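Q: Have a look at this one before I ask anything.
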Amino acid sequence: MDDRLIESLTAAVTSAPADLTLRLHLASLLVEAGRGPEAIEHVATALAAEPTSVEARELMARAMGTSPAPAPPSAPTPAAEPSEPSSGFDWHAAESDLGERVGPMFVDGTTEDPGPAPYDVEQVGVRLADVGGLTEVKKRLEASFLAPLRNPELRALYGKSLRGGLLLYGPPGCGKTFLAKAVAGELGASFLHVSLADVLDMYIGQSERNVKELFEVARSSAPCVLFLDELDAIGGKRSLNRSSGARTTVNQLLTELDGVGSDNEGVFVLAATNHPWDVDPALRRPGRLDRTLLVLPPDRDAREAVLRTHLRGRPVERIDTRRLAKATDGFSGADLAHLCESASENALMDSVGSGQVRMIGMTDFDAALAELRPSIGPWMETARNVALYANASGEYDDLATWLRKRR
Amino acid sequence: MSDVDHLLERASALLELGRPADAEHAALEALAADPTSAPAFVVLTRALDGQRRFDEAVGAGRSAVAADPDLADAYVALAWALVGDGRADDAVAVAGSAVALEPHEPACHHALGWALLSSSPPRHQEAHDAAARAIELEPGATPAYSVLGLALAGLGRRREGRKVLREGLRINPHDPYLHNNLAKIDLDRGLRIGRTGRHLSAAAGAIPQEPVVHRNLDTLLVRFAMRLVWPTLVALSVLRLQVALDAPWWSRAVTGAVYAGLAGLMVAWFSRQVPRGLRFWARGVLARVALPVRLIALAMLAFAACVVATAFAPTSLAAVTEQAAGVLLRLAFVLAAVLLVAHLVQRRRHRRG
Ligand SMILES: Nc1ncnc2c1ncn2[C@@H]1O[C@H](COP(=O)(O)OP(=O)(O)OP(=O)(O)O)[C@@H](O)[C@H]1O
Ligand SMILES: [Mg+2]
């Protein structure tokens with residue numbers, strides 16, 4: 001009966017392709033009938049016409065939950081295959097689903113490679129579940145990055161709007177690099193991690209060629225996440241009129257991002273910087289790294305999660321993570337990692353001194369806390385001035401709001 | 001390329017990005033690799049200078065000079081550090097050595113010009129000559145236009161000064177210092193609030209970390225607030241008349257509403273001339289300005305509050321607030337007059353001294 005309904009609805013949609021309500025209705029029936037891939041096709045069409053539709057997005061989540069996303073032929077490893085229908089994305093389920101299969105492809109960039117490559121394809125063992133807090137950021141990454149990567153159909157539809165990449169920014173040590181690695185871990189896609197400081201440092205005068213090659217490798221291993229770390233190193237707005245190597249490198253990067261003379265299909269660019277205001281504005285124009293994502297220091301709950309992550313596997317005893325989280329306001333993820341290190345060290349020193357092995361306890365943490373200060377103060381100062389005085393186009397509104405709340 | 005060159009290149013790039021703390025780090029690494037490297041000391045000097053740690057910068061600059069007494073760059077860096085440290089007279093001598101070493105290097109003349117301009121009393125004419133020489137050697141060096149423009153303004157040739165700065169902006173429309181200094185020339189005279197605001201916006205957008213620009217914006221804000229005195233005065237005289245004539249309460253309310261609307265329009269206009277988010281960056285301005293200015297501003301605020309109260313209060317109260325407004329206004333004027341006289345006396349002493 002359902003099938004007949006679906007048939008007639010399909011006919012109706014074919015004759016009235018612009019009727020989104022009809023199309024979504026059909027899609028929901030398809031989802032219920034367990035025909036996920038067909039549903040995705042319709043929802044994606046609807047989403048393309050109306051990207052903000054909540055109903056369509058929910059349907060998409062459901063449809064993706066039911067459908068094994070067909071792996072693209074060139075994919076080095078099978079993409080995620082969530083087996084249970086679920087609304088939203090279940091990180092833990094994904095983690096167990098992906099299991100051992102995540103193993104990034106090793107790319108060999110031997111083609112006339114001068115010396116050691118400034119980039120390498122990484123073995124990624126981190127998952128988004130390992131990233132503490134940052135719920136909002138994870139959500140946005142899922143919507144704008146992971147979902148399309150997992151679904152080639154979606155990708156085809158959104159191909160145009162996926163042009164360009166996402167720029168993560170925020171204070172140091174708050175998990176930008178960590179997040180990017182986790183994204184790669186989630187996808188099992190090949191992941192090219194390159195610090196632009198290295199591109200410049202290693203081959204001054206040749207960085208241009210390196211950038212070109214980097215993208216070639218990325219394209220040849222599509223689908224691939226290309227992570228450009230420390231983007232500000234490549235030349236800020238002030239080096240615009242400098243006749244340095246940075247300028248030509250920026251130009252090459254622009255060319256590559258625009259996909260001029262080549263197709264960037266399947267190459268997803270993720271970039272990170274602590275100083276987005278130092279990034280060449282040309283790099284941030286539409287179609288390039290135009291979407292930004294602010295990665296902030298962890299809030300209290302997130303700090304607790306981060307602490308728990310870092311304490312996992314350590315010999316700890318009666319640690320009140322909640323109290324610690326409360327006492328570490330303003331700490332970055334890296335600061336928290338450092339705190340755990342120091343506490344362990346305290347316990348170790350003590351054990352060595354007394355000759356008696358003991359667990360890491362709260363006293364170790366208190367001692368470590370007394371010596372630690374949050375490290376993001378200078379960044380905050382800089383960011384505050386930018387948000388106050390140089391936010392003409394409103395691009396740092398979210399930063400400004402956050403800074404105001406912290407006062 | 002050696003490790004040290006490499007680190008220095010990176011440090012210089014970081015300096016240009018306006019990240020002196022990171023640059024300092026790279027420079028120190030370079031020094032760790034080669035503790036006798038004069039160029040490394042030069043970069044370190046500039047990095048410390050950029051963090052306003054002038055005392056340390058002077059030390060690093062002296063080390064640079066000691067490491068290579070023939071390196072003009074070292075003298076230039078030291079001169080800038082000395083100026084920052086408030087020892088412009090020493091800086092003049094040091095920059096002079098740089099010029100002697102490299103008479104064809106515009107950066108040396110530029111540093112000399114700035115040192116001369118910063119010495120007290122400022123040696124405007126010599127600064128003018130040094131900056132002119134720098135520009136002659138390198139017509140595209142816009143920072144020297146700033147020195148030349150300010151020197152001209154200091155010589156009383158403000159029009160020419162402005163012209164030079166605008167010329168610099170034609171060469172590099174984004175040079176934030178030119179924008180700031182154009183604004184500064186206007187600010188000193190208290191003219192053209194809108195134009196000054198636009199220049200300061202451009203400067204703040206490019207160098208949001210520069211405290212000089214923040215200060216200039218604060219000054220501009222105070223200047224603008226003083227402009228609001230005129231409509232307040234007019235409102236007060238109308239209200240006085242209305243109180244004297246025992247006009248109905250609503251006529252005073254109308255006066256008050258018109259006044260408030262006008263003031264609102266002025267503020268709206270002003271907020272479009274200055275960096276976006278006026279209410280955020282302007283917060284706490286009274287705590288940042290000098291004490292005398294703060295006093296005058298507070299008196300003026302109280303004055304405006306009394307005028308508003310006169311507009312909307314019942315008749316009996318209005319008579320009182322109207323009187324109070326008059327008193328406060330006079331108080332502010334007296335304060336301003338005293339301060340002006342003090343300022344003039346001090347300046348004259350300065351000239352003689
Ligand atoms: N949200 C988080 N959850 C768990 N660990 C975190 C988190 N944020 C940071 N960390 C820890 O801090 C370390 C540093 O983080 P990461 O290198 O990702 O920061 P970053 O933002 O890239 O910093 P930088 O700007 O200095 O490159 C990570 O290796 C991780 O151990
Ligand atoms: Mg990082």
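The values are calculated or read from the model by the stated rules, or taken from the named source; none is laboratory data. Quick caveat, the model's predicted, so the values are computed rather than measured. As a convention, Cβ positions derive from the backbone with ideal geometry for all residues, glycine included, and neighbour counts pool all protein chains shown. Surface areas here come from the heavy atoms of the whole protein model, side chains and all, with no ligands, DNA or RNA. Shrake-Rupley method; radii C 1.70, N 1.55, O 1.52, S 1.80 Å.
Q: Return the total of residues in the stretch A:176-197 being among the charged types (D, E, K, R) and either more than 14 Å from ligand 2 (Cβ to nearest atom) or open to solvent by less than 10 Å² (accessible area, probe 1.4 Å) (or both). Before the answer, list the steps.
A: Filtering the stretch A:176-197 down to residues among the charged types (D, E, K, R) leaves A:176, A:181, A:186.
With either more than 14 Å from ligand 2 (Cβ to nearest atom) or open to solvent by less than 10 Å² (accessible area, probe 1.4 Å) (or both) added as a condition, the list becomes A:186.
The qualifying residues number 1.
Q: Okay, next question. Just name the residue that is modelled with the lowest pLDDT out of those in the stretch A:118-166 that are of a type in the set (A, V, I, L, M) and within 16 Å of ligand 2 (Cβ to nearest atom).
A: Of everything passing the filter in the stretch A:118-166, A:124 is modelled with the lowest pLDDT.
Q: Still on this structure, I have one more. Within the stretch B:172-189, restricting attention to residues that are open to solvent by 20 Å² or more (accessible area, probe 1.4 Å) and part of a loop (DSSP other than H, G, I, E, B), which residue is modelled with the lowest pLDDT?
A: B:174
Q: Further, regarding this structure: Listed residues B:7, B:31; which is away from chain A (no Cβ under 14 Å), assigned to a helix (DSSP H, G or I) and under 24 Å from residue A:199 (Cα atoms)? Steps first, answer last, please.
A: Details: B:7 fails: away from chain A (no Cβ under 14 Å).
None of the other options fit; the residue is B:31.
Q: Among B:185, B:207, B:193, which is the only one that is more than 14 Å from chain A (Cβ to nearest Cβ) and under 17 Å from residue B:143 (Cα atoms)? Spell out how you get there, then give the answer.
A: Working: B:207 fails: more than 14 Å from chain A (Cβ to nearest Cβ); B:193 fails: under 17 Å from residue B:143 (Cα atoms).
Going through B:185, B:207, B:193 in turn, the sole match is B:185.
Q: Looking at residue B:294, is it within 14 Å of chain A (Cβ to nearest Cβ) and modelled with pLDDT of 85 or more?
A: no
Q: Identify all residues within the stretch A:346-399 that are part of a helix (DSSP H, G or I), hydrophobic (A, V, I, L, M, F, W, C) and more than 14 Å from every other protein chain (Cβ to nearest Cβ); write none if there are none.
A: Within the stretch A:346-399, A:347, A:348, A:349, A:352, A:362, A:365, A:367, A:368, A:369, A:370 qualify.
To keep it simple, each residue is scored yes or no on (1) among the hydrophobic types (A, V, I, L, M, F, W, C); (2) over 29 Å from residue A:380 (Cα atoms); (3) in contact with a helix residue (DSSP H, G or I) (Cβ under 6 Å, 6 or more places away or on another chain).
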| position | (1), (2), (3) |
| --- | --- |
| B:7 | yes, no, yes |
| B:10 | no, no, yes |
| B:21 | yes, no, no |
| B:43 | yes, no, yes |
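Q: Then there's this: Being of a type in the set (Gly, Ala, Ser) and modelled with pLDDT under 75 is the filter here; which residues of the stretch A:35-51 pass it?
A: Correct list: A:36, A:44, A:48, A:49.
Q: Something else about it: Criterion first (surrounded by fewer than 21 Cβ atoms within 10 Å (Cβ to Cβ) and assigned by TED's automatic domain parsing to the domain that holds residue B:72) does residue B:113 satisfy it?
A: no
Q: Now a separate question. Only one of these conditions is not met by residue A:316: (1) within 16 Å of ligand 1 (Cβ to nearest atom); (2) without any contact (Cβ under 8 Å) to a residue 60 or more places away in the chain; (3) of a type in the set (Val, Ile, Thr). Which number is it?
A: Evaluating residue A:316 over (1) within 16 Å of ligand 1 (Cβ to nearest atom); (2) without any contact (Cβ under 8 Å) to a residue 60 or more places away in the chain; (3) of a type in the set (Val, Ile, Thr) leaves (1) as the failure.
Q: From the residues in the stretch A:270-292 that are assigned to a strand (DSSP E or B) and open to solvent by 10 Å² or more (accessible area, probe 1.4 Å), which one is farthest from the other protein chains (Cβ to nearest Cβ)?
A: Of everything passing the filter in the stretch A:270-292, A:291 is farthest from the other protein chains (Cβ to nearest Cβ).
Q: Only residues that are open to solvent by 60 Å² or more (accessible area, probe 1.4 Å) and hydrophobic (A, V, I, L, M, F, W, C): list them for the stretch B:90-108, please.
A: Selection gives B:93, B:100, B:101.
Q: I'd like the residue in the stretch A:126-146 that is among the aliphatic types (A, V, I, L, M) and out of contact with any Phe, Trp or Tyr (no Cβ under 8 Å at 6 or more places or on another chain) and, out of all such residues, is surrounded by the fewest Cβ atoms within 10 Å (Cβ to Cβ).
A: So in the stretch A:126-146, the residues among the aliphatic types (A, V, I, L, M) come out as A:126, A:128-129, A:131, A:134, A:137, A:141, A:143, A:146.
Add one more test, that the residue is out of contact with any Phe, Trp or Tyr (no Cβ under 8 Å at 6 or more places or on another chain), and what stays is A:134, A:137, A:141, A:143.
Values: A:134: 27, A:137: 21, A:141: 23, A:143: 14.
Only one residue fits best here, namely A:143.
The rows are residues; the columns are (1) open to solvent by 40 Å² or more (accessible area, probe 1.4 Å); (2) on the phi > 0 side of the Ramachandran plot; (3) under 26 Å from the mean Cα position of the chain (by Cα); (4) assigned by TED's automatic domain parsing to the domain that holds residue B:118.
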| site | (1), (2), (3), (4) |
| --- | --- |
| B:8 | no, no, no, yes |
| B:19 | no, no, yes, yes |
| B:23 | no, no, yes, yes |
| B:36 | yes, no, no, yes |
| B:42 | no, no, no, yes |
| B:57 | no, no, yes, yes |
| B:63 | yes, no, no, yes |
| B:74 | no, no, no, yes |
| B:87 | yes, no, yes, yes |
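Q: How many residues does the stretch A:298-334 hold that are within 16 Å of ligand 2 (Cβ to nearest atom) and open to solvent by 20 Å² or more (accessible area, probe 1.4 Å)?
A: Number of matching residues: 1.
Q: So is residue A:172 surrounded by fewer than 22 Cβ atoms within 10 Å (Cβ to Cβ) and at pLDDT 70 or above or not?
A: yes
Q: Something else about it: Among the residues of the stretch A:172-202, count how many are more than 21 Å from residue A:213 (Cα to Cα), among the aromatic types (Phe, Trp, Tyr) and away from ligand 1 (no atom under 13 Å from the Cβ).
A: 0
Q: What pairs can you find where one residue is in the stretch A:128-148 and in contact (Cβ under 8 Å) with a residue 24 or more places away in the chain and hydrophobic (A, V, I, L, M, F, W, C), the other is within 16 Å of ligand 2 (Cβ to nearest atom) and open to solvent by 30 Å² or more (accessible area, probe 1.4 Å), and their Cβ atoms are less than 7 Å apart, with a gap of 6+ or different chains?
A: That search, which allows pairs on different chains as well, returns A:131/A:178.
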